[in-house]
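Student: For reference, the structure I am asking about is given below.
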Amino acid sequence: MIPQATVDKILDATQIVDVVGDFVTLKRRGANYTACCPFHNEKTPSFYVSPSKGIFKCFGCGKAGTAVSFIMEHESLSYVEALKYLARKYHIEVVEKEETAEEIALKQRNESLLLVTEFAWKFFKDQLKTVEGRSVGYAYFKSRGLEDATIEKFGLGWAPTGKDALSIAAREAGYREEFLIDTGLSIKRDNGTLVDRFFDRVIFPIHSVSGRVIAFGGRTLRTDKTVAKYVNSPETEIYVKSKSLYGIYFAKNEISRQDRCYLVEGYLDVISMHQLGITNVVASSGTSLTVEQIRLIRKFTENVTIIYDGDSAGIHAALRGIGLVLKEGLNVKVVLLPDGDDPDSFSRKHTLDEVASFISGHEQDFISFKTDLLLGEAGDDPLKKANLINDIADTIALIPDAVKRAVYVETCSSRFNIDSSILSERISNTRSAMLIEDKKRHDREERKEEHAAAREEVKKPERTSAESAQAVTPESPLMNDPYLAPSERELLGFILNNGEDTLNFDIDSDLHTEEPMTVAEFIDGSLAADNEEFCNEVYRKTYEAYFTLYEEGLNQEQITRRLMDSQEREIADIAVDLIIPKYDLSVKNYIDSMTSTQTQLVMYVPRSVIIYKIKRIEKRIREYSEQLASLAVEEQDEAAEIMNRIKKMYEAKNILDERIGRRFIRK
């Protein structure tokens, strides 16, 4: 068994475009990629890959799934073998072992840390609505030009001046002291009392790629120089600064669609640019740019534009970032704003068109950027000029793609009027030194892997021929109960695609409730009220898996990703089939454009639940009728009882028929 932490690491590292691109030639089309399907013969491409959703879909043969299922299908591998394939591709060590009680406890602990962090987030948001929060925190956000919709989108908040307000509220809500301390939300004093890390500060929550709040940044509004301007969450099991990018959850789709990521430095830089309308923006959140952060960006695009302040600190950060981005195989450009401006202030001074025009007009590749920056310092000094050229050549050497290196060599050669062969020799020597160092590092890591594998090696018995014969493909879920399957499939589809959407019934509707319900809660509550569960085994397992994750506090995107990559491939196949549309019909798109999703859900979800209940009743009527037909003549009392049950079933069915507008009544 591959430990869940390793599985998560593999799935986090996996880029579907990168994986599928190893086998087919992908061409960008908008936010997606297209190709001729590798699973059937076709001349016109009908195979699509969505990097933002992490899925592929062929509208010709119908095959669909994630990177894991692509490898399973294309290479005829099992789930575990596909994970190992991806682990090798991304150089991730896999040490198989049984999940221990400690590992199970660690998984539960991580979820507890996430839950207490999300409680704190809701607390800070609520505090922004208090008298103190509005007069101080909210007033600050408004003074920075932030609109209410932006404040709500990014979940900004206020930590009250009381130094233990959050700790008290969390304890009263039942959260353990241990988790408050371990998330860094609370600090334990020597006398045993808890105080808050964040107080008297505006709060910027930090989200993971999947949208869960994992940490916070708090900014003081005081001018006292003895008070730190920013206080940030410490590193925890759920928050590693070097692997996190501020704003990535809100930016990832637009990064993929535009095939470009703008990289800035601070929270407000991201927020102001998003508010302006430039939403493919993320920040390194006050830390120096890291390799892990660049690899996270690479999951959505290979093009990065660094937008930093025009002061010396911004220039230094840009110079450092260029090398890191290039070494990871991404394309990099640099934009320096006028001195005295940062992306936040610049966004607030200008319109969307003006900012977009400035960026496009001032983007420089790294050769032009370094040349313009350093050539003035070099002047006529030949040694300084030679050092500049060597510096640029060493930067080119970082690029892993040989064709790109060759193009940059020609550019540099032309710019400095120097023989390209001289540059190529310098680059070759630099790369040779890099490769030697990389090999040493790889050998060290390989030895560590061998030692780890030797320690953990467990011999597994060979599968017998009898066991192999039993390992057959499970029958279609429709075979479990063909009559109820379509309705169960429809309800499950609503849950997987719209589970978190809210059903807002009219106040005069008999379905209206004081507290709006989500689609998932409505369907689950409706079935629970009649003590019903899905008859089809795979649909039931998928349904239960969804609500297990739902109750753990995961959001819709996290749940569907987990289900599509589930080790139980029946669940994964059903999830993929229901989440990814079978056909891209223009008629459906037209209908969707005429009726809002909310209206459609209010119309069709309750109707689907009622139809399912009708089918359950009809199934019971058939079963009772079969029992009645099998009774002997002398079993009149039992026959009368069954007939009475059938009558009640028809009465219940007629009521439901009326609710969905059916006017026929059986007698």
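The values are calculated or read from the model by the stated rules, or taken from the named source; none is laboratory data. Computed from a predicted structure; not experimentally measured. All Cβ positions, glycine included, derive from the backbone under ideal geometry; neighbour counts span all protein chains shown. To get the accessible areas, we keep the full protein, side chains included, count just its heavy atoms, and leave off ligands, DNA and RNA. Shrake-Rupley method; radii C 1.70, N 1.55, O 1.52, S 1.80 Å.
Student: Residue check, Lys613 against (1) over 29 Å from the mean Cα position of the chain (by Cα); (2) modelled with pLDDT under 85; (3) basic (Lys, Arg), all met but one. Which one?
Tutor: Condition not satisfied by Lys613: (2).
Each row is one residue, and each column tells you yes or no for (1) modelled with pLDDT of 85 or more; (2) open to solvent by less than 60 Å² (accessible area, probe 1.4 Å); (3) within 30 Å of Ser368 (Cα to Cα); (4) not charged (D, E, K, R).
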residue	(1), (2), (3), (4)
Val403	yes, no, yes, yes
Ser413	yes, yes, yes, yes
Asp419	yes, no, yes, no
Glu437	no, no, yes, no
Glu445	no, no, no, no
Ala453	no, yes, no, yes
Arg463	no, no, no, no
Leu478	no, no, no, yes
Pro486	yes, no, no, yes
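Student: Of the numbered conditions (1) open to solvent by less than 60 Å² (accessible area, probe 1.4 Å); (2) acidic (Asp, Glu); (3) farther than 26 Å from Ser272 by Cα, Asp164 satisfies every one except a single condition; which is it?
Tutor: Going through (1) open to solvent by less than 60 Å² (accessible area, probe 1.4 Å); (2) acidic (Asp, Glu); (3) farther than 26 Å from Ser272 by Cα one by one, Asp164 breaks only (1).
Student: Taking the range 329-363, which residues are closer than 30 Å to Asp18 by Cα, at pLDDT 90 or above and open to solvent by 10 Å² or more (accessible area, probe 1.4 Å)?
Tutor: Asn331, Lys333, Ala356, Ser360, Glu363
Student: Take the range 44-102 and flag every residue that is hydroxyl-bearing (Ser, Thr, Tyr) and open to solvent by 10 Å² or more (accessible area, probe 1.4 Å).
Tutor: Answer for the range 44-102, where residues must be hydroxyl-bearing (Ser, Thr, Tyr) and open to solvent by 10 Å² or more (accessible area, probe 1.4 Å): Thr44, Ser46, Tyr48, Ser50, Ser52, Ser69, Ser76, Ser78, Tyr79, Tyr85, Tyr90, Thr100.
Student: Considering only residues of the range 171-192 that are in a strand (DSSP E or B) and not charged (D, E, K, R), which is nearest to the chain's Cα centre (by Cα)?
Tutor: It comes out as Ser186.
Student: Related question: For residues that are free of Cβ contacts under 8 Å to residues at least 40 places away in the same chain and open to solvent by 70 Å² or more (accessible area, probe 1.4 Å), scanning just the range 107-133, find the one that is farthest from Pro160 (Cα to Cα).
Tutor: Among those that are free of Cβ contacts under 8 Å to residues at least 40 places away in the same chain and open to solvent by 70 Å² or more (accessible area, probe 1.4 Å), it is Gln108.
Student: If you take the residues in the range 193-214 that are of a type in the set (Phe, Trp, Tyr) and part of a loop (DSSP other than H, G, I, E, B), which one is least open to solvent (accessible area, probe 1.4 Å)?
Tutor: Checking each candidate, the answer is Phe198.
Student: Would you tally the residues in the range 220-240 being surrounded by 20 or more Cβ atoms within 10 Å (Cβ to Cβ) and under 20 Å from Ser288 (Cβ atoms)?
Tutor: Here the count works out to 3.
Student: Tell me which of these Ala251 doesn't satisfy, since it passes every other one: (1) open to solvent by less than 60 Å² (accessible area, probe 1.4 Å); (2) modelled with pLDDT under 95; (3) in a loop (DSSP other than H, G, I, E, B).
Tutor: (3)
Student: Looking at (1) open to solvent by 50 Å² or more (accessible area, probe 1.4 Å); (2) closer than 21 Å to Gly310 by Cα; (3) modelled with pLDDT under 90; (4) in a helix (DSSP H, G or I), find the lone condition where Lys385 falls short.
Tutor: The failed condition is (2).
Student: Taking interchain pairs and intrachain pairs at least six residues apart, which have beta carbon atoms under 9 angstrom, with the first residue in the range 599-621 and free of Cβ contacts under 8 Å to residues at least 60 places away in the same chain and the second of a type in the set (Val, Ile, Thr) and assigned to a helix (DSSP H, G or I)?
Tutor: Matching pairs, first to second residue: Gln600/Ile591; Arg620/Ile646; Ile621/Ile646.
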